[in-house]
Structure formats: structure tokens, C-alpha cells
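Heads up, the thing below is written out as C-alpha cells.
Laboratory data are not the source of any read-out in this text; all were calculated from the coordinates shown. Computed from a prediction, not measured in an experiment: that's the story for all the values here. Here the Cβ positions follow ideal geometry from the backbone for every residue, glycine too, while neighbour counts run over all protein chains shown.
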Amino acid sequence: MTGVRGEHKTPGEFRISQNWIGGSMPSKAVYVPPPHTEIAELLTDFEKFINNEEIDTPDLIKIAILHYQFESIHPFLDGNGRIGRLLIPLYIQSKGMLNKSCLYISDYIERNKDEYYDCLTRVRTQNDMIGWIKFFLTAVIETSKIAKDKFKKVVEFTMEMDRKILNMTVKPENAKKVLDVLYDEPAVNRKKLVELTGITESTIKNIINNFVDKGILVETTGYTRNQIFKFQKYTDLFLK
């Protein structure tokens, strides 16, 4: 893996040296994970816990514990936080709680970073697993509320767009084809739209002009050729 963060830290491979969190050396670190010689055994136990269906633990509490365990093992030299957070939606989806891996609590953790690390530390130093689970469940609840609100806004937005294309000087069915593509490809050029919709270039040009006039698309390059059009209002929904 080249050109990515941590490319010189053996990405994709378990560490074969000691790492630590915080401080310039292990003696000054906030936390020193287990030595690399124990990683294989610890991850074997980790995997057994994931797949153990005999333990009567609610799935959200189980993934909270799994996340803590993974972050404590810290099996890689870099990227442990990202992988640990990615495990959450993947596990939740695997249990049928969501149809897609769409619950990402990274934003909540980033906004409450100090509390996040404090909770993990208190599990290690004071065995305060309850405190960590409460933090984790709060993160899930708050993230779910935000996701629900965004989903509602997306539904309202799509309904508004469907109404807008009815008042254009193009066939509604062709405009709808382009609109459906834009939800998957929110930044496109004319050639790409022709390719993805099967509509003629002249018709695509007409639809784009209508979309620009209605504020649905925004031309981003400022050029007269090789233009790129962005579904700006749609992408903005996910940035708020």
C-alpha cells in the first residue's frame, strides 16, 4: 500500500515490535499495548468471543466490548483506531440490525475524543467497563438520531427533485433517468451521463441546461468545454 497514511508502518501486517499510545517513548506513554508476541493468542480469543453465540450478551454491548478489546490489543503499528471503528458497523450489519454498514460513530468520538480515551483508560486501570459501555451506547444513540434526521432530509429532498423535473422543457422520464444517476454519481460530465443513461448527447445537454437553470446542478470548472456538473444541494445534505 503506497501513497497512504502509515504506508511505512507495514500496513495489513500485525506488528512485530512494541507500540504505545501517547508520549515519545513507552515509559511516558498513556497506554502500552501487549507485546507483539502475544498478538496471535489475543486475536484468537478476540475471534472466539465474536463468534461465541452461547454468551447471552446484547449485540450492542458485545460490540462495545469488542471495540475496547481491539483497541487494547492494538495489533497494527498504525490504523488501529480506524479499523476498530470500522468493526462496529460491520458487526452490527452482520447481526441483522442494519441492512447496510451505515452506522459510523467516528464523528461522535472525534467530538468527544477526551472522554472516549478516558473511558477506555478507566476500563484498563479501574475495570470500569460500565462507564465505557454507557459512552459507547450514547455514541450509538446520538449517531442514530443524526442519521435518522439526515435520512428524513434526503427523502424530502428526493421528493422535491421529483416535483421539479415535472416543470421542465424535457421529457420527465429522461430527466428522472439523469436524476437517478446523480444520486450515485453526484459529480459528472456530459459524456458520463450519456454512458450511464443511454440518452443522446443533445438530450443530455438540454437536461443539464434545465437542471442548471433550476439550481439542481452547478458547473464547477468555469470552462466552456470538459465541464463537470455537481449535484451540490444533495451532497451538502451529508456535510451538515
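Numbers at a glance
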quantity: Summed side-chain charge close to Val212 - residues other than Val212 whose Cβ falls under 15 Å, Lys, Arg +1, Asp, Glu -1; calculated: +4
quantity: Lysine pair number, Cα distance threshold 18 Å (strictly under), segment 26-147, separation 8 or more or different chains; calculated: 7
quantity: Evaluated at q = 0.10, 0.16, 0.18 Å⁻¹: base-10 log I(q)/I(0), Debye formula over Cα of segment 92-240; calculated: -0.53, -0.89, -1.02
quantity: Environment charge of Thr221, counting only residues whose C-beta is closer than 15 Å and scoring Lys/Arg +1, Asp/Glu -1; calculated: +4
quantity: Separation between Cα centres of segment 175-240 and segment 58-90, rounded to whole Å; calculated: 39 Å
quantity: Cα gyration tensor shape for segment 1-149, rounded if a/c is under 1.5, else prolate or oblate; calculated: rounded
quantity: Options Trp20, Phe70, Ile141, ranked by Cα towards positive dipole end of the chain, top entry (Cβ charges); calculated: Ile141
quantity: Neighbour count of at most 11 Cβ within 10 Å plus DSSP loop: longest GluC sites (Glu not before Pro)-free window in the chain; calculated: 55-240
quantity: Global form of segment 168-236, assessed from the alpha-carbon gyration tensor, a/c cut-off 1.5; calculated: rounded
quantity: Peptides ranked, highest mean first, by Cβ atoms within 10 Å: ranges 161-170, 96-105; calculated: 161-170, 96-105
quantity: Kyte-Doolittle mean at least -1.0, axial Cα span of 15 Å or more - DSSP H helices of the chain; calculated: 39-51, 59-73, 80-94, 129-164, 172-184, 201-213
quantity: Charge dipole magnitude, Cβ of K and R +1, D and E -1 - the chain, Cα centre, debye nearest 20; calculated: 1080 debye
quantity: Under 29 Å from Lys171, Cα to Cα: lysines that are on another chain or at least 8 residues apart; calculated: Lys152, Lys153, Lys191, Lys192, Lys205, Lys214, Lys230, Lys233
